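Chemist: Before we start, here is the structure in question, set down as structure tokens.
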Amino acid sequence: MRYQELSHWMSTVDEPLAPLPALPGDTDADVVIVGAGYTGLWTAYYLAVADPTLRIVVLEAEIAGYGASGRNGGWCSALLPTSLPALARRHGRPQALAMQRAMQHTVTEVGRVAAAEGIDCDWRHGGTVLLARTDVQLGRARAAVDEARDHGLDPDDLVLLDTAGAAARCAAEGVRGGTYTPHCAAVHPAKLVRGLARAVRRHGATLYERSPVTAIRPGAAVTPHGTVRAAVVVRATEAYTPMLPGHRRTVVPVYSLMVATEPLSEATWQRIGLADRETFSDYRHLIVYGQRTADGRLAFGGRGAPYHFGSRVSPDHDREPRVFAALRRTLGELFPVLGPDVPVARAWGGPLGVARDWSASVGLDRSSGLGWAGGYVGDGVGTSNLAGRTLADLIRGVESELTALPWVGHRSPRWEPEPLRWLAINAGLRVMSSADGAEHRTGRTARRATAFSHLLGH
Ligand SMILES: Cc1cc2nc3c(=O)[nH]c(=O)nc-3n(C[C@H](O)[C@H](O)[C@H](O)COP(=O)(O)OP(=O)(O)OC[C@H]3O[C@@H](n4cnc5c(N)ncnc54)[C@H](O)[C@@H]3O)c2cc1C
């Protein structure tokens, strides 16, 4: 496989992406981590830094960054898949606020480690602007700000923007207002994950690539090349989890797809804005997300690709011409300055992991030594760092502010068996994308989409 073809990001790292050696045979370790995306690597990183004597092995089926971590939109944000009110209903307001504050701090922490470890990942802590382009979207922007205040966030955490304020940050067509939060950085996701893999190895952990784990059980991770025996086994396999025995219904893989334009001229950027490389989106139902890359492109993505029966994950699903065309069309609508033929240089996609109750979680079962983290939906770039720090504390038996956060030890219910999963998820996707069109035409809230948004939105 040519790993460069996985995404625009993987094609623009300054290294050949040659796989490291596979697991040479049966091995003993203190901790074995399955999966070398952000989750597995952050866990290894914080463990190795905290206790250099630990024998840490990371097993990766392909190469570090092969999964969503090498393909995403590069929003290192404080977003969680569960809204603040939903967290407050489940755990109480103080705990929900503690979780939100921990996420805000996480954005700074990722930037800190990237700088400390010399990971040049085009980091720019410029915040996020969310645009409102219809009355209905303006209503959602106002409600988001009210909700944030009501749950204890500061005025600066989420600012309501009027037309001029929003257009000054991102001059999309028809912008009427929006919100701005400082809690997000734009990153080159593949440079981050590949740099992190190097840092993890520098700190003494061992990474074996092309070493697919076929079974995880207490005390062992099994591969065709041999078994790693360790007291702690961490599952960091996110959207690929259903392929592991016993995990078919733990999370569902949902595909998100992206396009990147050719580098745009300075004159075009003058018209669009995003001068601080703010990440951007709008208040529609079916998520879209974008960033201005360090080399002057628009990288833009969205959901809408179908869910595949039986939670299948396959490179065939990374490309969906219908979704690529829709993304290109949406970019043209947002930024007419791009012209009728938006200059797309590359298109790609990848699977992310969704838990049945839309809640990310992290935990370690002390009796079995089995640990896990994931279910981030589209918010794993930042959240995986919090997960890695938390797992490092849990594994070392350290009680900390992190291990007291409400997502620790949370167990999401399992997804329904097929064909129910397939029917429900694809129906939800269809309702939400048609609702956006209907809202744009009628100017009224599409109620059916609101009902589904707990399933497929934030
Ligand atoms: C197109 C796209 C855009 C996104 N945009 C954003 C964004 O802008 N901001 C944001 O916060 N989040 C975003 N996300 C989500 C984010 O990328 C993920 O939540 C995050 O990367 C998950 O990291 P991870 O390490 O848990 O999983 P992954 O990066 O998927 O890593 C899992 C790794 O485990 C390996 N693996 C799986 N099974 C096995 C096995 N059996 N044996 C050995 N290895 C195995 C895989 O090969 C893979 O390398 C996006 C996702 C996609 C697909």
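Chemist: For residue 337 and residue 112, calculate 0.36 nm times their separation in residues minus their Cα-Cα distance, and state this gained length in nm to one decimal. Intermediate values should be presented prior to the final figure.
Modeler: Working: separation 225, 0.36 × 225 = 81.00 nm, distance 3.61 nm.
Gain on stretching residue 337 to residue 112: 77.4 nm.
Chemist: Using DSSP, restrict attention to beta bridges with both residues in the chain and report what percent are antiparallel, rounded to the nearest 5. Before the final figure, lay out the partial values.
Modeler: On the way: 45 of 66 bridges.
Taking every DSSP beta bridge with both residues in the chain, the antiparallel ones total about 70 percent.
Chemist: What's the ranking of 156-164, 257-265, 331-339, 39-47 by average number of surrounding C-beta atoms within 10 Å, highest first?
Modeler: Working: 156-164: 15.7, 257-265: 20.1, 331-339: 17.8, 39-47: 29.8.
So the order, starting with the most tightly packed, is 39-47, 257-265, 331-339, 156-164.
Chemist: May I pose another question? From the mean inverse distance of alpha carbon pairs (Kirkwood) and the Cα radius of gyration, derive Rg over Rh for the chain.
Modeler: Reported Rg/Rh (Cα atoms, Kirkwood Rh): 0.95.
Chemist: While we're here: Please compute one quarter of the surface area of the Cα convex hull for region 146-274 and express it in square nanometres.
Modeler: Details: hull surface 55.2 nm².
With the hull built on Cα positions only, its mean projection is 13.8 nm².
Chemist: Helix 135-150 sits at what angle to the longest principal axis of the chain, using alpha carbons and giving 0 to 90 degrees rounded to 10?
Modeler: Between the helix axis and the principal axis of the chain, the angle is about 50 degrees.
Chemist: Given the whole protein assembly as supplied and a 1.4 Å probe, what does the accessible area of residue 26 come to in Å², nearest 10?
Modeler: 100
Chemist: Still on this structure: Could you check the simple spin-label distance between residue 418 and residue 329, using points 7 Å along Cα→Cβ, in nm with one decimal?
Modeler: Result for the modelled spin labels: 2.9 nm.
Chemist: To the nearest 20 debye, what is the magnitude of the charge dipole of the chain about its Cα centre, counting +1 on the Cβ of each Lys and Arg and -1 on the Cβ of each Asp and Glu? Each step should come with its number before you reach the end.
Modeler: On the way: 50 positive and 45 negative charges, 215 e Å.
Dipole magnitude for the chain comes out near 1040 debye.
Chemist: Right, something else. Given the DSSP H assignment, sum -39500 (n - 2.57) over each helix run of at least 4 residues in the chain and divide by its residue total; what's the result at 222 nm in deg cm²/dmol, nearest 500?
Modeler: Working: 11 runs with 153 residues, N = 458.
-11000 deg cm²/dmol, from helical runs alone.
Chemist: Just the projected area, averaged over all directions, of the convex hull on the alpha carbon atoms of region 7-131: how many nm²? All intermediate terms of the calculation are to be shown ahead of the outcome.
Modeler: Values: hull surface 42.9 nm².
Taking a quarter of the hull surface, the average projection is 10.7 nm².
Chemist: Rounded to the nearest 10 degrees, what's the angle between the helix 38-50 long axis and the longest principal axis of the chain, both from Cα atoms, 0 to 90?
Modeler: Helix 38-50 and the main axis of the chain meet at about 50 degrees.
Chemist: Same structure, new question: Given +1 on the Cβ of Lys and Arg, -1 on the Cβ of Asp and Glu, and no further charges, what dipole in debye does region 196-257 carry about its Cα centre, rounded to the nearest 20?
Modeler: On the way: 9 positive and 2 negative charges, 23 e Å.
That gives a dipole near 100 debye.
Chemist: Within the chain, which is the longest segment that contains none of the trypsin sites (Lys or Arg not before Pro) sitting in a DSSP loop with at most 13 other Cβ atoms within 10 Å? The partial results should precede the final answer.
Modeler: Working: sites that count: 2, 312, 366, 411, 414, 444.
Value returned for the longest uninterrupted segment is 3-311.
Chemist: Same structure, new question: Expressed as a whole number of Å, what is the distance separating the alpha-carbon centroids of region 249-295 and region 173-242?
Modeler: Taking the Cα centre of each part, region 173-242 and region 249-295 sit 23 Å apart.
Chemist: At a probe radius of 1.4 Å, what is the per-residue accessible area of residue 309, in Å² to the nearest 10?
Modeler: Counting only protein heavy atoms, the figure is 100 Å².
The values are calculated or read from the model by the stated rules, or taken from the named source; none is laboratory data. Just so it is clear, the model here is predicted, and its values are computed rather than measured. Using ideal geometry, Cβ is built from the backbone for each residue, glycine included, and neighbour counts are taken over all protein chains shown. Side chains are part of the model used for accessible areas, which takes the heavy atoms of the whole protein and leaves out ligands, DNA and RNA. Shrake-Rupley method; radii C 1.70, N 1.55, O 1.52, S 1.80 Å.
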